[in-house]
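Written below as structure tokens is the structure these notes are about.
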Amino acid sequence: MSDGVYDMPEEPRRSRRTPGQRPRALLPTIATLIVLLILFSVFTDVWTQRLWYRSLDLGSVFGTVLGTRVLLFVVVGLLMAAAVVANVIVAFRTRPRIALAPSPSPGFERYGDLLQQRGKIAIGVLATLMLVFGGSAASGEWKVFLAWRNRTPFGVADKHFGKDISFFVFDYPWLRVLLGFGYSIVLLSLVAAIITHYLYGGFRPSAKGQKASGAAQVQFSVLLGLLVLLKAFSYWLDRFGLATSDSRLFTGISYTGDNAVLPSKEILAVIAVICAGLFFANVVRKTWLLPGVGTVVLVLSAILLGALWPAALQQLRVRPSEPVKEASYITKNIEATRAAYGLEKTKVINYEAKTQATSEQLVADAGVLPGIRLIDPSVVGPTFEQLQQVRGFYAFPTDLDVDRYKIGKEVRDTVIAVREVEIDRLPAGQRNWNNDHTVYTHGYGVVAANGNQRKSDGTPVWSEQDLPPEGQLGDYEPRIYFGEQSPNYSIVGGPKGSSAVELDTPEGKDGGPPTLNTYEGKGGVSLGSFGNKLLYATKFRDANILLSSRVNSDSKILYDRGPRERVQKAAPWLTLDGDPYPAIVDGQVVWIVDGYTTSGNYPYSQKVALDDSTRDTTTGRGTVASQPSEEINYIRNSVKAVVNAYDGSVDLYAWDESDPLLKTWMKAFPNTVKPRSDISPALMSHLRYPEDMFKVQRDLLAKYHVTDSTTWYQNSDLWRVPADPTVSPGGSDSPTPDQPPFYLSLRMPDQTDTKFSLTSVYVPNANRENLTGFLAVDSEASSPDYGQFRILKLPGNVQIPGPGQVSNKFQTDESIRLALLPINQPSSGARAQFGNLLTLPLGGGLLYVQPVYSSRTSGQGSYPVLRYVLVGFGDRVAYGTTLKEALDKVFNANVDTGEKPPGETPTTPPANQTVKQALAEAQTAWNAAQAALKTGNLGEYQKQLDLVKAALDRAVAAGNAPVTNPTVPPSGTPSTPTTPTSPPSSPTG
């Protein structure tokens, strides 16, 4: 109060801010939330991966990989962070009190003052960046580290350095990784030291006098010395790298490499060590003269010894007599390549291919003919889908698979596919979260067709069909929860006694409502806890997982369901075949995946690009995956992996137990690969030689079937895999892919029995398309000759047409063209589709067989049906509606193919059916008349005779009627009316 007046209390002062301004705490809060979200996302990914591995009892794989990555991250990251930060601190503490020269810009001084004020924060940020950068790069090298740590000797020494092959495969890559990290650490430390000294005046390149302080000079000298010392180590390591380097001719040490490059690397390594010593001496002498001279000498030596000397030797001494100089090195390359790719036991058989076969030769090869597959798995996918899809939400792959099954007493080549669910095909009205993820959860059943049979209408003869499935492949669990086209994730299972919601079949076996199922398999991750629901709702960005009542305490979530994907995660050290195939084994549908161990560091072995060597017309089509883009020069089919289609379990079986890479990875991941002896006989009967490895090997054998160095150098016997003749040629920028290999049952000339084999052919590398070789590998896993390569080498003086030439003959032959003309007419609404062009040795020559399909060109529900079979032998080609008919024509003889009649009896024309029925009635009436006559019942006797006459009159009338048979059965012979039995004789007396 003042002068009787109360003073009003002063209001607290409010902070003033412009409209829209946020409180200062908002930005840190947002930043903190973003960091927490990132950390939670990382945690979600790691923890759900852990749960996935534990659901397969493969927690050790997850732990080993994660532990190794964390170890490398921490060790290398901390080492890099410590080295860079230490150099910054040293440079800061040894900064001069007075700068050597004025700063070129005032801004540099402000940066220096700012860093000095915020030194701890700057050091923390720098250390974090280096930790993340170095650790991330190092953690990606976990495979190289684990392979080195668990390395297994090959027991074979290389022929130049005398070191075990394991040094090149395991030690050399890891030493290269360490060298790379060493370079990174020293270079980053040097850059950090230069920047720090520059900011604080200890280094001024523009100064007229002294350009670096004494402390800076010492620090730079040590770091540059370490850098040059690492270069010396690099030169020493380069010597061994020559064994796996590519030259103009081959992979490995060449004459120039042995006599110029190798000595130059040794000399340069010594010079680099001396130069590094001069830099270290500069710490004491503090003059850049000697290190500068040493650096100049090193650079000049690198140019003279590392570049000019090898080039001069190659040009002046090697090139004029290259075949002689390189002969021994070519021999090393040939031997190493054949050993690294498993080709050293390849049999090359000189095959005097005949162009005409005798009846005796055809009789001798009659056992091969039933194994000729007429059903093309790359064509009949739509046929399977249209005839066996049942409902629109089921699907089959574009390319089907070929396997063998014992049906009755025969083992048949079988085209097989799994009926999988594809929720993208559901009508829009049925698409909702519950249907997508809890109802349409699995496929149902297997569909299979005999490879060498078809029905009268050209469709396959099913050995397993329909829904629920039935056929000749035995009883099995038909539900397909894990497949190549399974949904991204499904939620399955429920408490006992609860209502089932997972759709099994659209209707019961005898009609009625749909049949439903509740998953009871051991696969999947439990969603019983709130924590797991939250994690998976975050992982799949789907709140329904957290909120839906369909997710209960007994629910499981199925994800990462593809067979290749599951095997790749279970064995991340494997390279997998691009085409898993299904099989019914011991009452279960399983996926069989071939796993390879590969390396690009086998000394002297020829390197190939894995993706290029395995690419053909089937690669990338449908579910057939392409291989990664990497160079390899060693491969083994070391593992056969099996994925159960019902519970998703993954079993890895050691197949090539002598493989050192497999032994190495089995030590790194103990108890994850089962011994080969654990493979059951039922599973063994479905194992086969893998396609992608065969493609790599056939690519190499195109050149490495030659073992003589002179012939190899001249390329006078160089082959290639022909382009697929069933594919239209692409432009100059997109050449036609290679013809794929084919599984066939055949007999090679040195074999006594028919064997299931994987086959291919060769043509000359020049612009010619005649056949030069036929390749087959025994693919029966139970066979003692499994994996035996045989090449039929054709004589150079006999012109045997290749696939392209035979395809041209098929399409230009007048009789074949006329036969296909009705199909290809625009008005017919159909088109002819040529199937796989198969080649196999037969009758002392080579037989070509190609099925021809027809399909409608427009409209829904179109699918190909087999119409004709084309056959070529020598210069002759022919066609028929059956294989027998075509062979009879091309050989001009009666060939016994062992074919059975088409799967369905051709429809009897109506008139002939009337004849049959009338004659049967006449026979019945005649028998009744004879019985009445014996009993003296003449009235009944006469009545039955009248019936006989009436039936015979109908038969005569039907027999005289014109016969119409619009459908000629594709058996090749016109349908003939059923010959009636002799009519009863006229009664007497």
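The values are calculated or read from the model by the stated rules, or taken from the named source; none is laboratory data. The shown structure was predicted, so the numbers you read here are calculated from the model rather than taken from an experiment. All Cβ positions, glycine included, derive from the backbone under ideal geometry; neighbour counts span all protein chains shown.
In segment 825-838, the condition of being assigned to a helix (DSSP H, G or I), assigned by TED's automatic domain parsing to the domain that holds Lys889, among the hydroxyl-bearing types (Ser, Thr, Tyr) and more than 22 Å from Asp376 (Cβ to Cβ) is met by at least one residue.
Listed here are the residues, each with its yes/no results for (1) touching a residue at least 40 places away in the same chain (Cβ under 8 Å); (2) under 27 Å from the mean Cα position of the chain (by Cα); (3) more than 19 Å from Arg615 (Cβ to Cβ).
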| site | (1), (2), (3) |
| --- | --- |
| Ser745 | yes, yes, yes |
| Lys755 | no, yes, yes |
| Asp778 | yes, yes, yes |
| Ser783 | no, yes, yes |
| Asn797 | no, no, yes |
| Arg831 | no, no, yes |
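If you go through segment 644-677 and keep only what is in a helix (DSSP H, G or I) and more than 22 Å from Tyr634 (Cβ to Cβ), you end up with just Ser677.
Selection within segment 454-467: residues that are assigned to a strand (DSSP E or B) and more than 11 Å from Val415 (Cα to Cα). The member of this set that is modelled with the highest pLDDT is Gln465.
Of everything listed in (1) free of Cβ contacts under 8 Å to residues at least 60 places away in the same chain; (2) farther than 18 Å from Val132 by Cα; (3) of a type outside the set (A, V, I, L, M), the single unmet condition for Tyr183 is (2).
Looking at (1) within 30 Å of Ile349 (Cβ to Cβ); (2) free of Cβ contacts under 8 Å to residues at least 40 places away in the same chain, can you tell me which one Arg817 breaks? The number of the failed condition is (1).
Please name all residue pairs, on different chains or six or more residues apart, with Cβ atoms under 6 Å, provided the first residue is in segment 603-631 and is within 23 Å of Lys703 (Cβ to Cβ) and the second residue is basic (Lys, Arg) and assigned to a loop (DSSP other than H, G, I, E, B). Note: pairs meeting the criteria are Glu631/Lys607. Considering only residues in segment 640-659 that are out of contact with any Pro (no Cβ under 7 Å at 6 or more places or on another chain), of a type outside the set (Ser, Thr, Tyr) and more than 28 Å from Ser490 (Cβ to Cβ), the one that is surrounded by the most Cβ atoms within 10 Å (Cβ to Cβ) turns out to be Asp659. In segment 556-613, counting only strands (runs of 3 or more DSSP E) that sit wholly within it, the ones holding 1 or more residues that are outside the structural domain of Asn637 (by TED's automatic domain parsing), more than 30 Å from Lys159 (Cβ to Cβ) and not basic (Lys, Arg) span 556-559. With respect to being at pLDDT below 95, assigned to a loop (DSSP other than H, G, I, E, B), touching a Lys or Arg at 6+ places or on another chain (Cβ under 9 Å) and farther than 21 Å from Asn435 by Cβ, Gly497 falls outside the description. Scanning segment 112-131 for residues that are at pLDDT below 80 and surrounded by 16 or more Cβ atoms within 10 Å (Cβ to Cβ) turns up at least one hit. Residues in segment 451-475 that are touching a residue at least 60 places away in the same chain (Cβ under 8 Å) and in contact with a Pro (Cβ under 7 Å, 6 or more places away or on another chain): how many? Qualifying residue count, segment 451-475: 5.
Would you call Val390 of a type in the set (A, V, I, L, M), at positive phi and either assigned by TED's automatic domain parsing to the domain that holds Phe482 or surrounded by 17 or more Cβ atoms within 10 Å (Cβ to Cβ) (or both)? Yes, satisfied.
May I ask you to list the residues in segment 378-430 that are basic (Lys, Arg) and in contact with a Pro (Cβ under 9 Å, 6 or more places away or on another chain)? Those that are basic (Lys, Arg) and in contact with a Pro (Cβ under 9 Å, 6 or more places away or on another chain): Arg391, Arg412, Arg419.
Counting only residues that are surrounded by 14 or more Cβ atoms within 10 Å (Cβ to Cβ) and either of a type outside the set (A, V, I, L, M, F, W, C) or touching an Asp or Glu at 6+ places or on another chain (Cβ under 6 Å) (or both), segment 267-291 holds 3 of them. In segment 370-385, the residues that are under 23 Å from Glu410 (Cα atoms) form Cβ pairs under 6 Å with partners that are among the hydrophobic types (A, V, I, L, M, F, W, C) and outside any loop (DSSP other than H, G, I, E, B), at six or more places apart or across chains, as follows: Ile372/Val849; Ile375/Val415; Ile375/Ala449; Pro377/Val402; Pro377/Val415. Pairing residues of segment 660-677 that are outside the structural domain of Asp164 (by TED's automatic domain parsing) and surrounded by 21 or more Cβ atoms within 10 Å (Cβ to Cβ) with residues that are among the charged types (D, E, K, R) and in a loop (DSSP other than H, G, I, E, B), at Cβ distances under 7 Å and at least 6 apart in sequence or on separate chains, gives Leu662/Asp656; Thr664/Arg151. Against the definition (surrounded by 18 or more Cβ atoms within 10 Å (Cβ to Cβ), touching a residue at least 60 places away in the same chain (Cβ under 8 Å) and in the same structural domain as Pro397 (by TED's automatic domain parsing)), how does Tyr519 come out, yes or no? Criteria met by Tyr519. Against the numbered list (1) part of a strand (DSSP E or B); (2) of a type outside the set (Asp, Glu); (3) farther than 21 Å from Glu352 by Cα, Ile791 comes up short only at (3). Taken over segment 216-226, the criterion of being among the aliphatic types (A, V, I, L, M) and either surrounded by 18 or more Cβ atoms within 10 Å (Cβ to Cβ) or on the phi > 0 side of the Ramachandran plot (or both) is satisfied by Ala216, Val222, Leu223, Leu224, Leu226. Considering only residues in segment 229-266 that are surrounded by fewer than 18 Cβ atoms within 10 Å (Cβ to Cβ) and within 32 Å of the chain's Cα centre (by Cα), the one that is farthest from Val299 (Cα to Cα) turns out to be Leu249.
Inside segment 386-441, residues that are over 20 Å from Pro514 (Cα atoms) and either of a type in the set (Lys, Arg) or touching a Cys at 6+ places or on another chain (Cβ under 6 Å) (or both) make up a count of 4.
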